[in-house]
1. Is there any pair with a first residue in segment 304-320 that is under 13 Å from residue 333 (Cα atoms) and free of Cβ contacts under 8 Å to residues at least 12 places away in the same chain and a second that is among the basic types (Lys, Arg) and surrounded by 12 or more Cβ atoms within 10 Å (Cβ to Cβ) whose Cβ atoms are under 9 Å apart and which are 6 or more apart or on different chains, and what are they?
2. Can you spot a residue in segment 70-84 that is in contact with a helix residue (DSSP H, G or I) (Cβ under 6 Å, 6 or more places away or on another chain), charged (D, E, K, R), farther than 30 Å from residue 293 by Cβ and outside the structural domain of residue 274 (by TED's automatic domain parsing)?
3. Does residue 76 fit the bill of being small (Gly, Ala, Ser), touching a residue at least 12 places away in the same chain (Cβ under 8 Å) and either in contact with a Pro (Cβ under 9 Å, 6 or more places away or on another chain) or buried (at least 23 other Cβ atoms within 10 Å of the Cβ) (or both)?
4. Provide a single number: the residues in segment 314-327 that are surrounded by 14 or more Cβ atoms within 10 Å (Cβ to Cβ) and not in a strand (DSSP E or B).
5. Considering each of 137, 99 in turn, give the residue that is at pLDDT below 95, charged (D, E, K, R) and closer than 30 Å to residue 41 by Cα.
6. If only one of 98, 107, 130 is exposed (fewer than 13 other Cβ atoms within 10 Å of the Cβ) and not aromatic (Phe, Trp, Tyr), which one is it?
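The values are calculated or read from the model by the stated rules, or taken from the named source; none is laboratory data. It should be emphasised that the depicted structure is a prediction, and the values quoted were computed from it without experimental measurement. We place every Cβ from the backbone using ideal geometry, glycine too, and count neighbours over all the protein chains shown.
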Amino acid sequence: MQDPVSGFDYPVSWVERCNNPGLLELVDKGLAILTADGEVRKRGFTTGTTAAAAAKAAVLSLAGDDIREVTILTPSNIRIHIPVFAENGTGRCKKYSGDYPGDVTAGLEFVAQASPSVSSSETKLTFGPGIGIWDRDIPRYKKGEPAVSFQVMDEIRTAINEAIAEIGISEISVMIYAPNGVEVAEKTLNRKVGVVEGISVLGTTGFVEPWDDHLEQTVCERAAGAERVVLTTGRIGMRYARMLFPDHEVILAGSRLGTIIPHLTGRIIICGLPALVLKYVNPRFLENTGYPTVEEMTGSEFFIPAMHAAFEMYKTQHPDIRIVIVNREGEIIGDSE
């Protein structure tokens, strides 16, 4: 059995330990993950997927029907069914967090308002109150733009276009907002990365992983059972790590590198985008640099020397760990060897 989201092949022994075939169906569809002891943990849906569901429901309800469920094509290319409530051009969807206990955005409602467009022959998508905006220019976004990732923007537009094709109305305006987005955003790290006035709308895969201490044990068991291990911090890093190190076991460790690595032995590679990796290698990486985030620092002349200095400092204590930093295009921009 393979996880269609991460591509991980579950060991037969894990599958055999699961005594609920119905839950294994969720794993097979990507809606849940299987742990080493046979337990199944349900994935949740990202803010991006939730917003896309609200938008699709809003457009579909223009045809005069009340909508209670929509299907959404996630960035993982997995189609999922999501409960919604929509009527008369207004769609609502609450964020489902699955079995992830620490999701502060759980239950956050996204609302979309759709109407026939009178000023444009193209679909118009805008974002309203509760959706964050960038308070400064950063490498990928400009000041004042909505804090909606490129993957999510594609996910939302795909959902809207599917609804348009179904109801046959081509000129549509859609506005998405989050009534409690400002309050919920205060519980997140949005301000630290430059997002203000609301929640960021994100999601590389469309799913929320059900991380908890139990899954950390599962990661350690996977890593301990492999001869060559690459630990990575996110989905983009995972994709490129598999390409760069095809003969290694690639494991998503997220922000838990520091708690997982002490349990491992032998040769280890850490591979991923700069931010989480460098913050793990040197928690004081940004100190006295004047840059609020690693991403903003990557475009400066100080970044490469600072990165190699962090490598040298880390290698003095961890000589058997190799660090490989990649950018979003998969190019290696730093290697400790």
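1. Within 9 Å, no pair qualifies.
2. no
3. yes
4. 4
5. The match here is 99.
6. Every option except 107 fails the conditions.
Okay, residues lined up against (1) surrounded by 17 or more Cβ atoms within 10 Å (Cβ to Cβ); (2) in a strand (DSSP E or B); (3) within 22 Å of the chain's Cα centre (by Cα); (4) not assigned by TED's automatic domain parsing to the domain that holds residue 189:
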position	(1), (2), (3), (4)
247	no, no, no, yes
250	yes, yes, yes, yes
258	no, no, yes, yes
279	yes, no, yes, yes
292	no, no, yes, yes
